[in-house]
Each structure stands twice: as C-alpha cells, then as structure tokens.
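Peer 1: The structure's right below; bear with me while I get my questions together.
The values are calculated or read from the model by the stated rules, or taken from the named source; none is laboratory data. No experiment lies behind these values; they were computed from the predicted model shown. Here Cβ is always computed from backbone atoms with ideal geometry, including for glycine, and neighbour counts include all displayed protein chains.
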Amino acid sequence: MFLITGITGALGVEVLRILLRDSIKEDVTVIIRAKSEEHLVTRWTRLLKIASDGAVEPSDVPNFVPLIGDITKVNLGLSESAVSGLVQRVEKIMHIAATVDFDEPLDSCRIINVEGTRHLLTIATDCSNLKQFAHISTLYVAGKRTGDVYENELEHNAGFITNGYEQSKYEAEVLVREYLDILPISIYRMSLLMGCERDGYVHDYGAVQRYLMFMYKGIAPCFPGYADCPLDFLPHDYSAECLMTLFEKKFKKGETYQISSGKTSVALEPWLNLTAQTYAKHSRSWKNGSYNVPDIVEWSTYQLYKKTIFTIDNMEFMKVIRILDSCAEELYCPKVFHREKLNEALGVDDSSIPRYEEYYPRILDHCIETNWGLLLEYSKV
C-alpha cells in the first residue's frame, strides 16, 4: 500500500495524475482533511476530476481510498483500527502535506510542518513492511544563504527570510534526518511551483501568483531585489515527474535531491520583462504603455515606498505590500540550487529542464483567461 499526505495540493494533484496514469491498480490511501464523510467524498471526487481531466470517478478506482485525517493530530487523527490497518499494509509513504503560506507565523507553521511530520514519522516506525519514505521539503530551507547551495548541505546559521515557512521546513528536515538510521527515507527539495508546463494550469494561487495578478491590474509599481538575482521556479507537472521517477524507479535511502532549475534559473529583470510582454497580448493598458514594468528597487527605496503606501491607506496597494514583505528579502539573497545528484539519478543534464520562456507565458495566459482561477471548470479542492 502507498500512503500519501498532501494529495490536494499543487504537487499532490500532479502525483495523483501520475498514479492514475501509471499505477491505477496499486492500492493507494490518501489522507484528506474533511468535516464529514460527505465532505470527503465531495473533495475526493473533485480532486479525481482535476487529476484526470474529468475522466475518473471514485467508483473507477476503488483501490484508491481517501481517509479523513489531520496530520496535526496524533495518529493523523485516525482511529486505532485505521492506524492498525495501515501499519500492517503500508510499504511506501510520501509526505507532501505542509503549509506553504509565506507570511504565516512560525508557531502556526511548526504545528503542520514539524509536528505533522513527527506524527507521520511515528506511524512510519510501526509500519513493519515499510520500504520507502519520501519527505517533500523545499529549496528554501537554505534561508538567507547566498551563492551555491548543494544537495548534501542543510545546517546553516544564515537565518531565514519568511521566518515561519522556511524555518519550519528547515526544522522538519532536521527532524527527518534523526530517523535516517531506522527508516528508509529520502528527501526531495522542491522549487517554487508556478503552474503546469502542459497547459498552464495553476492549482494554488499563492503569493507569487497574487503579486502577478496585481501587476496585471497596474497595482505593483515596484519590486524589491537585485535585477540579476536568480529565480528558481519550475512547473508542477515536470517537478512531479522528477519526484515520482526518483521515488518509484530510482529510490535510494538517505539521499537528498534538489528538484530545481539550477543554473538555468531566470534572473529577476528578464522575468519581469517577459511577464510584461505576455500581459501586452491580453491588455490594452499594457500594450499601449499605460502600465509599465515595475521598477526594481533597493531595500531602502522599498521601505520608503512602504511608508508612502501606509500614509495613503490604499487597501489594494497594502495587499501588494503584504505579498512583497513575505518574500522580498529572498531577492537580496541570490543563490543557485545545484542539482548534480538529481541529474545523475535521472540520467539527464540541464538541457532537460523546461525553458521558462516556453512554459511561463502559458501559465500567465491561463491565469488571465480564467480570471486568476475564478472561472475554472473544477473549483479548487
């Protein structure tokens, strides 16, 4: 049996898509938060539709079983009988569930990202047939480090930018490493996931997508950071394919992989320019120059901009400030996330990494055409 947490998120839904394509006869159990059995069925049905483009109903995959659970609770909030059944049958675990809100307080993040991980590890130690455990982490455990970041590196004292998210994921990795001697664990650090390469689909509209929405509306006049700072982001579907290939076909206990854009990462300035070029295809205001590419500014200039916004008390601009505050410092800490071990395991080189110039405009097209997710055929799970 394959046990998965976090299946309703952006990465999880792509993992589910791959399972429906390649392993539809496998016994899969997924932990989903729900208020009731009826709510669980509703969420599961919608999730299957999203992952299969409407082709699969729950009755089509009776071996894919959703359970109401909550990783923040002991035993994942499951009954003793449910836990007993799992520990006897589970052979593989993939832990994707996490809070990825950049501006969530550290204490709240720890409840999900650290204690949730601890609860799953506790169950894993009782799984007598466990052969593989995947812990999904983030590149941004690197915090305020700058320069080259390699896959075998973790511990540092550089501090963290988004204190809650980054630090809690770092602490979760430290916790997971304490179990390396007793559990078959590998760690997979994910890039910032923007949307899907195949069609531009965006499952979760996070801080970056919200900023892009305000930029499209002309409400984002500046962007703090260094113009040449690398931005490491990748498509959801590509990242999930890398993850599942490593886990299902190339699993190696004790390894850490960075599923990153590595040396091919785009810099801040050309990223903003490509965004503006794409917007000009959709918006007359962008096409005729009424809206312009946000100015890339020094930290001190950004602080002055914030003070001005506070004085005029404009709610829309205040929202932009909140988004930028949650991640802006990252653009003053340039780094490259190396992926040599990943490439070696997959038997590829950097030429296999999707080119942002090709897939990123497709993501923006999708965002605009669906009014930033409000017009999607299947509402967010």
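Peer 1: In this structure, is A142 hydrophobic (A, V, I, L, M, F, W, C) and closer than 18 Å to L76 by Cα?
Peer 2: Values: hydrophobic (A, V, I, L, M, F, W, C): yes; closer than 18 Å to L76 by Cα: no.
Considered against the rule, which asks whether it is hydrophobic (A, V, I, L, M, F, W, C) and closer than 18 Å to L76 by Cα, A142 comes out as no.
Peer 1: Report yes if Q258 is closer than 25 Å to A227 by Cβ, surrounded by 14 or more Cβ atoms within 10 Å (Cβ to Cβ) and not aliphatic (A, V, I, L, M), otherwise no. Lay out the reasoning, then the answer.
Peer 2: Values: closer than 25 Å to A227 by Cβ: yes; surrounded by 14 or more Cβ atoms within 10 Å (Cβ to Cβ): yes; not aliphatic (A, V, I, L, M): yes.
Yes: the conditions hold for Q258.
Peer 1: Looking only at the range 224-238, count every residue that is closer than 14 Å to V13 by Cα and part of a loop (DSSP other than H, G, I, E, B) and tell me the total. Reasoning before the result, please.
Peer 2: From the range 224-238, those closer than 14 Å to V13 by Cα are 235-238; that's our starting set.
Among the residues that remain, those that are also part of a loop (DSSP other than H, G, I, E, B) are: 235.
Total meeting the criteria: 1.
Peer 1: Shifting gears a bit: Scan the range 202-223 for residues that are outside any helix (DSSP H, G or I) and of a type outside the set (K, R) and jot them down. Write out each step before concluding.
Peer 2: In the first step, residues of the range 202-223 are kept if they are outside any helix (DSSP H, G or I); the result is 202-206, 217-223.
Matches in the range 202-223: V202, H203, D204, Y205, G206, G218, I219, A220, P221, C222, F223.
Peer 1: Okay, next question. If the Cβ limit is 6 Å and pairs must be 6+ apart or interchain, which residue in the range 319-331 that is within 16 Å of E104 (Cβ to Cβ) pairs with which residue that is surrounded by fewer than 17 Cβ atoms within 10 Å (Cβ to Cβ) and modelled with pLDDT of 90 or more?
Peer 2: Pairs found: I323/R210.
Peer 1: Hey, among the residues in the range 159-182 that are outside any helix (DSSP H, G or I) and at pLDDT below 95, which one's nearest to the chain's Cα centre (by Cα)? Before the answer, list the steps.
Peer 2: To start, the set of residues in the range 159-182 that are outside any helix (DSSP H, G or I) comprises 159-162, 178-182.
With at pLDDT below 95 added as a condition, the list becomes 159-162.
Working: G159: 21, F160: 18, I161: 17, T162: 15 Å.
Step by step, filter the range 159-182, then rank; the result is T162.
Peer 1: Anything in the range 293-346 that is touching a Lys or Arg at 6+ places or on another chain (Cβ under 9 Å) and either over 23 Å from K144 (Cα atoms) or of a type in the set (S, T, N, Q) (or both)? List them, or say none.
Peer 2: Residues satisfying the conditions are E316, K319, A345, L346.
Peer 1: Further question on the same structure: Looking at V293, V336, can you tell me which residue is free of Cβ contacts under 8 Å to residues at least 24 places away in the same chain and either surrounded by 13 or more Cβ atoms within 10 Å (Cβ to Cβ) or among the aliphatic types (A, V, I, L, M) (or both)? Please lay out each step first, then the result.
Peer 2: On the way: V336 fails: free of Cβ contacts under 8 Å to residues at least 24 places away in the same chain.
Matching residue, one of V293, V336: V293.
Peer 1: Name the residues in the range 162-204 that are surrounded by fewer than 22 Cβ atoms within 10 Å (Cβ to Cβ), out of contact with any strand residue (DSSP E or B) (no Cβ under 9 Å at 6 or more places or on another chain) and under 30 Å from W372 (Cβ atoms), would you?
Peer 2: Listed by number, the residues that qualify are N163, G164, Q167, R198, D199, G200.
Peer 1: Report yes if some residue within the range 128-139 is among the small types (G, A, S), in contact with a His (Cβ under 8 Å, 6 or more places away or on another chain) and either in a helix (DSSP H, G or I) or surrounded by fewer than 22 Cβ atoms within 10 Å (Cβ to Cβ) (or both); otherwise report no.
Peer 2: The answer is no; no qualifying residue exists.
Peer 1: Name the pairs: first residue in the range 173-196 and over 20 Å from E330 (Cβ atoms), second residue part of a strand (DSSP E or B) and small (G, A, S), Cβ to Cβ under 9 Å, at least 6 apart or on different chains?
Peer 2: What qualifies is V176/S137; I185/A134; S186/A134; I187/A134; I187/S137; Y188/A134; Y188/S137.
Peer 1: Evaluate the range 87-107: report whether one residue or more is acidic (D, E), in contact with a helix residue (DSSP H, G or I) (Cβ under 8 Å, 6 or more places away or on another chain) and more than 29 Å from L180 (Cβ to Cβ).
Peer 2: Scanning the range 87-107, I find at least one residue that is acidic (D, E), in contact with a helix residue (DSSP H, G or I) (Cβ under 8 Å, 6 or more places away or on another chain) and more than 29 Å from L180 (Cβ to Cβ), so the answer is yes.
Peer 1: In this structure, does V15 turn out to be under 19 Å from the mean Cα position of the chain (by Cα) and at pLDDT 95 or above? Walk me through it before giving the result.
Peer 2: On the way: under 19 Å from the mean Cα position of the chain (by Cα): yes; at pLDDT 95 or above: yes.
It is true that V15 is under 19 Å from the mean Cα position of the chain (by Cα) and at pLDDT 95 or above.
Peer 1: Moving to a separate point now. I'd like to verify a number: residues in the range 325-356 that are at pLDDT below 95, farther than 16 Å from E269 by Cα and of a type in the set (G, A, S), how many?
Peer 2: 1
Rundown of residues vs (1) in contact with a His (Cβ under 7 Å, 6 or more places away or on another chain); (2) among the charged types (D, E, K, R); (3) touching a residue at least 60 places away in the same chain (Cβ under 8 Å), yes/no style:
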| residue | (1), (2), (3) |
| --- | --- |
| L47 | no, no, yes |
| D53 | no, yes, no |
| D70 | no, yes, no |
| A82 | no, no, no |
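Peer 1: Hey, among the residues in the range 300-324 that are surrounded by 13 or more Cβ atoms within 10 Å (Cβ to Cβ) and of a type in the set (F, W, Y), which one's modelled with the highest pLDDT?
Peer 2: Across the range 300-324, the extreme among qualifying residues is Y302.
Peer 1: Hey, another quick one. If a residue counts only when it is at positive phi, crowded, with 18+ Cβ neighbours inside 10 Å and touching a Gly at 6+ places or on another chain (Cβ under 7 Å), which strands (runs of 3 or more DSSP E) contained entirely in the range 1-115 have at least 1 such residues?
Peer 2: Numbers: elements: 2-5, 28-32, 64-68, 92-95.
Here the list is empty.
Peer 1: A follow-up question, please. Do we have L154 as closer than 27 Å to V30 by Cβ, aliphatic (A, V, I, L, M) and not in a strand (DSSP E or B) here?
Peer 2: On the way: closer than 27 Å to V30 by Cβ: no; aliphatic (A, V, I, L, M): yes; not in a strand (DSSP E or B): yes.
Answer is no for this residue.
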